[in-house]
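K.L.:
One structure follows; several queries about it will come next.
The values are calculated or read from the model by the stated rules, or taken from the named source; none is laboratory data. Since this is a predicted model, take the numbers as computed values, not measurements. Note that we place each Cβ from the backbone using ideal geometry, even for glycine, and neighbour counts take in every protein chain shown.
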Amino acid sequence: MTVLLVDAANVVGARPDGWWRDRAGATARLLRRLAAVPGRRVDGVVVGEVVVVVEGAARDAEAPPGVRLVRAPGSGDDALVATAADLVARDRAVLAVTADRGLRARLPEATAVTGPGRLLAVLDRLDVPDRLDVPDRMADNGPG
């Protein structure tokens, strides 16, 4: 199965939904949605693992089960490239999600790439809530 490697800042910035008012909160919402992706298809491949590169204020985000965070100490792009290189060196199939052409050019040749719009479309089809205050549909939070 493929590792989905997500450029969180790029995906968060792909929709003008007010993310700029709360970058950390927007990243937390994305991470929650990404937790539903393992075992699903994105761009024709089955995702086995989700790895998300976070930077800046988003570094403090908590990873939900099913999502591994790479907390970039500096440049998120540098961290994403290093993570992709490490995964490819370990013979892992990688699908990176970013619209950044400069970043795409720096990724190892064996890395497949897709844009944020395709990932967001998958999340939309899964009907994964993008708000933290939406109750978990799987939990039984009320009486009988």
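K.L.:
Filter the stretch 98-126 down to the residues that are of a type in the set (S, T, N, Q) and either outside any loop (DSSP other than H, G, I, E, B) or in contact with a Pro (Cβ under 9 Å, 6 or more places away or on another chain) (or both), then identify the one that is farthest from residue 12 (Cα to Cα).
P.N.:
Initial filter on the stretch 98-126 (of a type in the set (S, T, N, Q)): 98, 111, 114.
Then keep just the ones that are either outside any loop (DSSP other than H, G, I, E, B) or in contact with a Pro (Cβ under 9 Å, 6 or more places away or on another chain) (or both); that gives 98, 114.
Numbers: 98: 10, 114: 15 Å.
Going through the qualifying residues, I end up with 114.
K.L.:
Also, quick follow-up: Give just the number: which of (1) closer than 14 Å to residue 6 by Cα; (2) modelled with pLDDT under 95; (3) hydrophobic (A, V, I, L, M, F, W, C); (4) not in a helix (DSSP H, G or I) does residue 51 not satisfy?
P.N.:
(2)
K.L.:
Looking at the stretch 67-88, which of its residues are in contact (Cβ under 8 Å) with a residue 24 or more places away in the chain and closer than 19 Å to residue 26 by Cβ? Before the answer, list the steps.
P.N.:
Within the stretch 67-88, the first condition is being in contact (Cβ under 8 Å) with a residue 24 or more places away in the chain, and the residues that meet it are 67, 69, 76-77, 79-81, 83-84, 87.
Passing the criteria: 67, 69, 76, 77, 79, 80.
K.L.:
For the stretch 1-35, give me each residue that is small (Gly, Ala, Ser) and more than 11 Å from the chain's Cα centre (by Cα).
P.N.:
If the condition is that a residue be small (Gly, Ala, Ser) and more than 11 Å from the chain's Cα centre (by Cα), then 13, 14, 18, 24, 25, 26 are the ones that fit.
K.L.:
With the requirement that a residue be under 23 Å from residue 60 (Cα atoms) and touching a strand residue (DSSP E or B) at 6+ places or on another chain (Cβ under 7 Å), what does the stretch 74-99 give you?
P.N.:
The answer is 76, 79, 80, 83, 84, 96, 97, 98.
K.L.:
Going by what's in this entry, would residue 36 be described as over 16 Å from residue 114 (Cβ atoms) and surrounded by 19 or more Cβ atoms within 10 Å (Cβ to Cβ)?
P.N.:
Values: over 16 Å from residue 114 (Cβ atoms): yes; surrounded by 19 or more Cβ atoms within 10 Å (Cβ to Cβ): no.
Against the criterion (over 16 Å from residue 114 (Cβ atoms) and surrounded by 19 or more Cβ atoms within 10 Å (Cβ to Cβ)), residue 36 does not qualify.
K.L.:
Among the numbered criteria (1) under 24 Å from residue 126 (Cα atoms); (2) loosely packed, with under 15 Cβ neighbours inside 10 Å; (3) modelled with pLDDT of 90 or more, which single criterion is violated by residue 75?
P.N.:
(1)
K.L.:
Another question, if that's okay. Which one of these is on the phi < 0 side of the Ramachandran plot and touching a Ser or Thr at 6+ places or on another chain (Cβ under 6 Å): 81, 113, 88, 70? Working first, answer last.
P.N.:
Working: 81 fails: touching a Ser or Thr at 6+ places or on another chain (Cβ under 6 Å); 113 fails: touching a Ser or Thr at 6+ places or on another chain (Cβ under 6 Å); 88 fails: touching a Ser or Thr at 6+ places or on another chain (Cβ under 6 Å).
Going through 81, 113, 88, 70 in turn, the sole match is 70.
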